[in-house]
Amino acid sequence: MFGLYVHIPFCLHKCHYCDFNSHVQADIDWPAYQAALLTELKQWSTQTQFQHKQLKTIFFGGGTPSLAPPALIQAVVDAAYQHFDCAESVEVSLEANPGTVDMDHFTGYRQAGVNRLSIGVQSFDEQELKWLQRIHSVDEVHRAFKIARDVGFDNINLDLMYALPKQNIAHWLNHLEQAIALKPEHISAYQLTVEPHTLLAATHAKKPLPIADEDESLDFFWKTRALLQENNYQAYEISNFSKPTLKCQHNDAYWLYRDYIGIGAGANGKWDQLDGGVTRYRNHNQPQAYMTHIQDNKQAISFQESLDSNTAASESLWLALRRSEGVSLTWFEQRFQQKCHAMFGSVFKPWLQTGQLCEKNNRLFLAEHALVMVDELASQILDYDG
Amino acid sequence: MTQRLTRNFSIIAHIDHGKSTLADRLIEETNALSQREMKKQVLDSMDLEQERGITIKAQTACLSYPAQDGEVYQLNLIDTPGHVDFTYEVARSLQACEGALLIVDATQGVEAQTLANVYIAMENDLEIIPVINKIDLPSADVEEAKRQIEEVIGLDASEALCCSAKTGEGIADILEAVVARVPAPLGDREKPLQALIVDSWFDTYVGAVALVRVVQGEIHKSMKLRMMSIGVAYDVNDLGVFLPKPMPRQKLSVGDVGFVICGVKRLSDLKVGDTLTSDRHPVEEALPGFREPKAMVFSGMYPVDSAEYGELRDSLEKLRLNDPSFTFEPENSTALGLGFRCGFLGMLHMEIIQERLEREYQLNLISTAPSVVYKIHYKDERVTEVSNPSDFPDVIEIAHIEEPRVLANIFTPNEFVGAMMKLCQDRRGDQLDMKFVSENRVMLTYDLPLSELVIDFYDKLKSLSRGYASMDYEVSSFKESDVIKLDILVHAEPVDALSMIVHRSCAETRGRELVSRLRKLIPRHQFDVPLQAAIGGRILARETVKAVRKNVIAKCYGGDISRKRKLLEKQKKGKKRMKSIGSVDVPQEAFMAVLTLGED
């Protein structure tokens, strides 16, 4: 089982907090980018590591995938079906910016096979949208959601951000309720993170922004979670909530340590090696550099790393423990040919003793209250070499 | 070369007043070195000295100078170390001379150090020739410099020379003045040998080398020399003079300054200030002024990586070969593991050794707060000297404690007098004198505890005066003092490497400052880490490093994994470089926190 990630690296405007690979270009040569994606997809299909495996999910991420002509989406989905053995139902997600949608595009995506839409709402407050430098308005959010429903999307995610500078928690929860009122199938709620090498980070370095301290951000975190759970959204990962059975399978596969191909500028991929380790790669970020490599019939990889089996084992735990369900110890043992406790027992011990880490039905997971410490545990696991 | 045509002289100057540049010019003028070989500031041979502009070990140059009177003179320029920690070495260098050039910067005037060294020269009855340097600078004020020489030092400046070591102006006059005004060395060549060890150092190929001044008699090759302080004798293997390149000679006669190599393996056998005499015809009395080097400032040095302990020991041994004035002995700290307690002549000496260990031997070190020697008088009338806070006895056993005091002269522009006085007061100083050196400069004389000087006093003095104040000090006496041991507890465990001896009156302030600083330096753990400052069992101050309650990345998808994994690995690596005290990771900086006080 594996996933396919397709990166659409173009935006109409680069928001100051964004650290994704996105580029603002006056003229986007869509046919050329499409051709490159198709060529790259074909390259990967000839690689043995993805043969004899089923393609389960496709995810169009960005940048702003909703800028892409539906024909491009159609061509990529068709090519994926043509080159790979596909599961009976393939989850095909696409990220949409509320400021860039119209009926034709959404209809086109739907017809191309997209069956899950992720709308980048971020906020229900005009002021906040402005601060975030988003190009859309609150009206456009409602309009985009309505169009999506109208053209038949029955699996929609809303992306939201909280703990913005000076944001009042009640104010945020009110906005979250507005999101819930739309009855989306899925909500991703992220705490604002000042990522390095962003404009926001530079601003913050010059003059620290009034962002939430630890206590406040914990308050945001728990209240967000509680409100969503009350409304029957399952918290299945740190920042992801869904109606039962409607998790984002593509994203969940990252945390379940499954393989994925990434195509497009700046896309990442990962596959398991025969020795138990994994290989990770990243494509060239610049669309032009990416396309030139592909046109020359070369791979567009700019960075690749191989992790040995032990590192892969720690990495898989770090990712899986972000999930509320944690990790299956049976899976772990089969995957890494070693018992999880045999490898990391001494790291787990204090966490188990304090009840932060739990084991039940052959699964290892963090207690609800300890989820916010997952990276602390992860750094101990990643560091451990005993 | 006859005694009549020999002149031995030194240069006395404050740091940066141009001593080394002037030495360069004198050597150049007498063509001892060709231009090509002329490195800037040839006398400062160690890298470190060139960078800091400080001469650490005295070196010398024997210059052949055809004077205007038609005779060729042998001018022995004896370099002196230029820092307060090396007063003893300066004194021995000056003892080897009949004259000294007193350099005063025409833009700066007389400074504290100049004064201290001039007094040493006066005590040795040297002919002092005032030289006003840097006259090429637009801000030069020759008349004011002369006035200060007369008023502050009390020397006749009417015949002061003017020069610019940078441009070379006035250099020829200086050489003529040395010939004309510095007396030829006295002493009888026929009498039994008496030679002063001015300096000594270790050479990898020939062993220990002594720079000597022959006071009477002669040193020949193949003679047997006796070091009077230890009574041991060695055969002379080689001798000669520095031009400044070493030049072998058959003998060193009365008045000469040169080197002697005699197969001494341990540099500690060639003590600066010791007297060499003939083993066969020894003199009765040694030359005056000799004393054993005495460490006044102490600090623990620990390798950050305990695997480097052996290397640290080897490096200390190697350094000691060249500098017997510092001492070290193994020390075991519960917090820092195995290391060494090192003793230094003073603060600069300590910094130099630490820097050389890190630079030349590539060691990563943690140094504990410097401390001084205390004389502990017990109730049972025993007296011991303790320099390590860990060795402090129980309060109940102590009758009283004496601490070393210094006599410090501080020169400062008027506008900073208030700040200087406050600094000295804060550091428990007693003002002894205050003198106007010029219209806008003041000399303050204070009696201060040495322990207050070793913790960033000099840095403070410089920063409070924007670099304009200068200081010189000399350890003067031991005085009774109400000092106590301040303990620092991290997570309820006393950390020996953080404890220090302080005066009771400052204990609370220091304790509070220290824990508040530690709170910012010790990373957060998964539990609260209390930090306490205590005397005996009494807690003076407390802070808490709050537990981490949230450590989670909001977003982690396929494209984030490599980068975020590296971030997590880095977090952990940072902790690995720290020292574990119980279950608490303490970074190196925490141990340095005690070195700078009162900044926030």
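The values are calculated or read from the model by the stated rules, or taken from the named source; none is laboratory data. Quick caveat, the model's predicted, so the values are computed rather than measured. Neighbour counts run over all protein chains shown; Cβ positions are idealised from the backbone, glycine included. When the accessible area is computed, the model is the full protein with side chains, heavy atoms only, and any ligands, DNA or RNA have been set aside. Shrake-Rupley method; radii C 1.70, N 1.55, O 1.52, S 1.80 Å.
Among the residues of segment B:294-305, is any in contact with a strand residue (DSSP E or B) (Cβ under 7 Å, 6 or more places away or on another chain) and open to solvent by 50 Å² or more (accessible area, probe 1.4 Å)? Give the steps one after another, and end with the answer.
Going through segment B:294-305, the residues in contact with a strand residue (DSSP E or B) (Cβ under 7 Å, 6 or more places away or on another chain) turn out to be B:295-304.
Keeping just the survivors that are open to solvent by 50 Å² or more (accessible area, probe 1.4 Å) gives none.
Checked against the condition, which is being in contact with a strand residue (DSSP E or B) (Cβ under 7 Å, 6 or more places away or on another chain) and open to solvent by 50 Å² or more (accessible area, probe 1.4 Å), segment B:294-305 yields no hits at all.
Considering only residues that are open to solvent by 30 Å² or more (accessible area, probe 1.4 Å) and assigned to a helix (DSSP H, G or I), which ones fall in segment B:496-509?
Residues satisfying the conditions are B:496, B:504, B:505, B:508, B:509.
Which of the residues spanning segment A:330-383 are part of a loop (DSSP other than H, G, I, E, B) and surrounded by fewer than 16 Cβ atoms within 10 Å (Cβ to Cβ)?
From segment A:330-383, those part of a loop (DSSP other than H, G, I, E, B) are A:337-339, A:354-356, A:361-362, A:367; that's our starting set.
Those that are part of a loop (DSSP other than H, G, I, E, B) and surrounded by fewer than 16 Cβ atoms within 10 Å (Cβ to Cβ): A:337, A:338, A:339, A:354, A:355, A:361, A:362, A:367.
Do you know which residues across segment A:292-315 are farther than 22 Å from residue A:236 by Cα, among the hydroxyl-bearing types (Ser, Thr, Tyr) and within 14 Å of chain B (Cβ to nearest Cβ)?
Pass one, segment A:292-315, residues farther than 22 Å from residue A:236 by Cα: A:292-312.
Of the ones still in play, those that are also among the hydroxyl-bearing types (Ser, Thr, Tyr) are A:292, A:302, A:306, A:309, A:311.
Selection gives A:302, A:306, A:311.
Considering each of A:331, A:318 in turn, give the residue that is under 25 Å from residue A:240 (Cα atoms) and within 14 Å of another protein chain (Cβ to nearest Cβ). Explain how you work it out, then say what you get.
Values: A:331 fails: within 14 Å of another protein chain (Cβ to nearest Cβ).
Selected residue: A:318, the only one of A:331, A:318 that is under 25 Å from residue A:240 (Cα atoms) and within 14 Å of another protein chain (Cβ to nearest Cβ).
Might you let me know whether segment A:260-267 holds any residue that is surrounded by 16 or more Cβ atoms within 10 Å (Cβ to Cβ), more than 10 Å from chain B (Cβ to nearest Cβ) and in a loop (DSSP other than H, G, I, E, B)?
Within segment A:260-267, one or more residues are surrounded by 16 or more Cβ atoms within 10 Å (Cβ to Cβ), more than 10 Å from chain B (Cβ to nearest Cβ) and in a loop (DSSP other than H, G, I, E, B).
In the list A:36, A:71, which residue meets the criterion of being small (Gly, Ala, Ser), modelled with pLDDT of 95 or more and open to solvent by 50 Å² or more (accessible area, probe 1.4 Å)?
Details: A:36 fails: open to solvent by 50 Å² or more (accessible area, probe 1.4 Å).
Of the residues listed, the single one that is small (Gly, Ala, Ser), modelled with pLDDT of 95 or more and open to solvent by 50 Å² or more (accessible area, probe 1.4 Å) is A:71.
State all residues of segment B:331-359 that are over 26 Å from residue B:404 (Cβ atoms) and in contact (Cβ under 8 Å) with a residue 12 or more places away in the chain; if no residue qualifies, say none.
Listed by number, the residues that qualify are B:334, B:335, B:337, B:338, B:359.
In segment A:212-250, how many are among the polar types (S, T, N, Q) and either over 25 Å from residue A:95 (Cα atoms) or not assigned by TED's automatic domain parsing to the domain that holds residue A:92 (or both)?
1
Filter segment A:1-10 down to residues that are modelled with pLDDT under 95 and either within 14 Å of another protein chain (Cβ to nearest Cβ) or open to solvent by less than 60 Å² (accessible area, probe 1.4 Å) (or both), then give me how many there are. Lay out the reasoning, then the answer.
Step one: list which residues in segment A:1-10 are modelled with pLDDT under 95, which gives A:1.
From the residues that got through so far, the ones that are either within 14 Å of another protein chain (Cβ to nearest Cβ) or open to solvent by less than 60 Å² (accessible area, probe 1.4 Å) (or both) too are none.
Selection size over segment A:1-10: 0.
Only one residue in A:171, A:197, A:204 is within 14 Å of chain B (Cβ to nearest Cβ) and either surrounded by fewer than 21 Cβ atoms within 10 Å (Cβ to Cβ) or part of a helix (DSSP H, G or I) (or both). Which one?
Details: A:171 fails: within 14 Å of chain B (Cβ to nearest Cβ); A:204 fails: within 14 Å of chain B (Cβ to nearest Cβ).
Matching residue, one of A:171, A:197, A:204: A:197.
Go through segment B:410-494 and tell me which helices (runs of 4 or more DSSP H), entirely inside it, have 2 or more residues that are touching a residue at least 24 places away in the same chain (Cβ under 8 Å) and touching a Lys or Arg at 6+ places or on another chain (Cβ under 8 Å). Even if it seems obvious, please write down each step before you answer.
Details: elements: B:417-426, B:450-454, B:457-464.
Output list reads B:450-454.
Can you pull out every residue in segment A:46-68 that is under 22 Å from the mean Cα position of the chain (by Cα) and more than 17 Å from residue A:90 (Cβ to Cβ)?
Listed by number, the residues that qualify are A:62, A:63, A:64, A:66, A:67, A:68.
Condition check: buried (at least 22 other Cβ atoms within 10 Å of the Cβ), at pLDDT 85 or above and of a type outside the set (Ser, Thr, Tyr). Does residue B:340 satisfy that?
So residue B:340 does not fit the description; no.
Of the numbered conditions (1) of a type in the set (Phe, Trp, Tyr); (2) open to solvent by 40 Å² or more (accessible area, probe 1.4 Å); (3) touching a helix residue (DSSP H, G or I) at 6+ places or on another chain (Cβ under 6 Å), residue A:131 satisfies every one except a single condition; which is it?
(3)
Give me a count of the residues in segment B:153-200 that are within 26 Å of residue B:112 (Cβ to Cβ), open to solvent by 20 Å² or more (accessible area, probe 1.4 Å) and within 29 Å of the chain's Cα centre (by Cα).
Here the count works out to 3.
Kindly indicate the residue of segment B:550-586 that is open to solvent by less than 10 Å² (accessible area, probe 1.4 Å) and more than 10 Å from chain A (Cβ to nearest Cβ) and also nearest to residue A:221 (Cα to Cα) among those meeting that condition.
B:584
Quickly run through segment B:227-239 and pick out the residues that are surrounded by fewer than 19 Cβ atoms within 10 Å (Cβ to Cβ) and not hydrophobic (A, V, I, L, M, F, W, C).
Hits for segment B:227-239 are B:229, B:231, B:235, B:237, B:238.
Among the candidates A:179, A:189, A:144, A:163, which residue alone is away from every other protein chain (no Cβ under 14 Å), in contact with a Leu (Cβ under 6 Å, 6 or more places away or on another chain) and surrounded by 15 or more Cβ atoms within 10 Å (Cβ to Cβ)?
Values: A:189 fails: away from every other protein chain (no Cβ under 14 Å); A:144 fails: in contact with a Leu (Cβ under 6 Å, 6 or more places away or on another chain); A:163 fails: away from every other protein chain (no Cβ under 14 Å).
Just a single option satisfies the conditions, and that option is A:179.
From the list B:508, B:513, B:543, which one is touching a Gly at 6+ places or on another chain (Cβ under 7 Å), more than 14 Å from every other protein chain (Cβ to nearest Cβ) and not hydrophobic (A, V, I, L, M, F, W, C)? Before the answer, list the steps.
Numbers: B:508 fails: touching a Gly at 6+ places or on another chain (Cβ under 7 Å); B:543 fails: touching a Gly at 6+ places or on another chain (Cβ under 7 Å).
Sole residue among the options that is touching a Gly at 6+ places or on another chain (Cβ under 7 Å), more than 14 Å from every other protein chain (Cβ to nearest Cβ) and not hydrophobic (A, V, I, L, M, F, W, C): B:513.
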